[in-house]
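Let me begin by presenting the structure, written as structure tokens, before commenting on it.
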Amino acid sequence: MMRTLTSIVPTHTVLEGGGFKVRRPVAMGRLMSPFLLLDEMGPVVYGPGEAVGAPSHPHRGFETVTYLLEGAMQHADSAGNQGDLNPGDVQWMTAGRGVIHSEMPTDAMMNQGGKMHGFQIWVNLPAKDKMMKPRYQDIPSIEIPSVESDDGLVWAKVVAGEALGVKAVIDTVIPITYIHVRIKPGGTYTHACVDDHNMMLYVFGGSMSLEGRSISDGGLGLLSEGSSVECIAGEEGAEFLILGGPHLDEPIARYGPFVMNTREEIYQAIDDYNNGTLA
């Protein structure tokens with residue numbers, strides 16, 4: 001059965017972290033489990049000395065996934081991990097029981113300025129994994145598989161999951177689909193979905209139609225159940241993310257950078273952070 005758009009959630013622009021511009025759904029609660037947050041960072045052009053990021057801050061109970069399209073950022077965390085994020089790279093950080101980290105422009109980006117554009121999503125963890133040992137995966141663009149359709153009209157980068165017969169290399173705690181797709185005008189892409197997973201599309205360029213319903217730049221499309229989804233590009237083509245994963249049928253207690261199952265666990269996370277024992 002083909003999936004259809006059940007609703008389209010609009011986005012708005014807000015300032016996050018140290019003041020960087022992000023575009024996110026106006027109602028974050030509409031995101032489908034297991035996703036907690038979807039931020040499009042920029043696109044924004046910084047002059048020399050203007051670039052901003054997210055200074056040191058904590059997380060517990062979920063994963064943060066940063067995918068950079070343009071610009072350069074550097075990551076450092078309390079577990080001793082550090083590295084630069086360049087165009088096409090992915091940083092998949094599992095906070096688990098606790099991490100304190102920062103995501104800031106590289107020195108070159110800060111000194112020279114330039115265009116910054118990318119995405120950060122938050123993936124919830126099941127209760128059994130919320131206090132797991134933190135881990136960090138830094139995957140350079142060259143190691144992330146991409147694929148093109150036989151007719152040359154569809155290109156896909158497989159961050160997580162599978163597309164056009166190509167599988168991702170990233171290890172995820174729960175099965176996740178994260179595909180970056182570009183369709184040229186006149187092209188059609190049919191994505192095979194995991195039947196029992198929730199699926200969403202986020203369009204950040206052009207427009208497309210699904211079963212006769214259109215969605216364009218800045219729209220988050222929530223999909224019905226089904227085994228596949230057919231995306232037909234508009235006159236300017238389409239660029240979008242496909243996100244999918246299992247529904248976690250568990251209570252969510254959320255406070256800022258902490259996502260647990262009970263309020264008591266949130267209070268404990270706050271105490272641990274204040275006492276210096278979170279990470």
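Take every pair of alpha-carbon atoms less than 8 Å apart whose residues are at least six positions apart; their mean separation over the length of region 20-63 yields a relative contact order of 40 percent.
Taking a straight Cα-Cα cut-off under 22 Å and skipping sequence neighbours fewer than 8 places away in the same chain, the lysines within cross-link reach of LYS21 are LYS115.
A helix-only calculation puts the chain at -2000 deg cm²/dmol for mean residue ellipticity at 222 nm, using -39500 (n - 2.57) for each DSSP H run of at least four residues, averaged over all residues. Just report the Cα centroid separation between region 32-51 and region 202-218, whole Å. Cα centroid to Cα centroid, the span is 20 Å.
Hey, what angle do you get for helix 263-275 against the long axis of the chain, alpha-carbon based, 0 to 90 degrees rounded to 10? Taking Cα atoms only, the helix is inclined about 50 degrees. Compactness check for region 67-111: Cα Rg over 2.2 N^0.38 Å is 1.18.
Here region 246-273 and region 107-158 have alpha carbon centers that stand 25 Å from each other. The alpha-carbon of LYS167 sits under 29 angstrom from the alpha-carbons of these lysines, leaving out residues fewer than 8 places away in its chain: LYS128, LYS130, LYS133, LYS157, LYS184. The packing ranking of peptides 127-133, 33-39, highest mean first, is 33-39, 127-133, where packing means the average number of other beta carbon atoms within 10 angstrom of each residue. The phi torsions of region 116-128, fed into the Karplus equation with coefficients 6.51, -1.76 and 1.60 and a -60° offset, translate into couplings of 10, 7, x, 9, 10, 10, 10, 10, 5, 10, x, 3, 5 Hz, rounded to whole numbers, with Gly and Pro shown as x.
Each residue of region 127-279 gets 139 Å³ once the volume of the Cα convex hull is shared out per residue. Of the labelled figures [x] 73, 50, 49; [y] 78, 74, 37; [z] 57, 47, 32, only one reflects Cα extents along the principal axes in Å as derived from the coordinates, namely [z]. For the chain, relative contact order (Cα pairs under 8 Å, six or more residues apart, normalised by length) works out to 21 percent.
Quick note: the coordinates plus some simple rules give every number you see, no bench work behind them. Model, not experiment: these values are computed from the prediction. Virtual Cβ from ideal backbone geometry, glycine too; neighbours counted across all protein chains shown.
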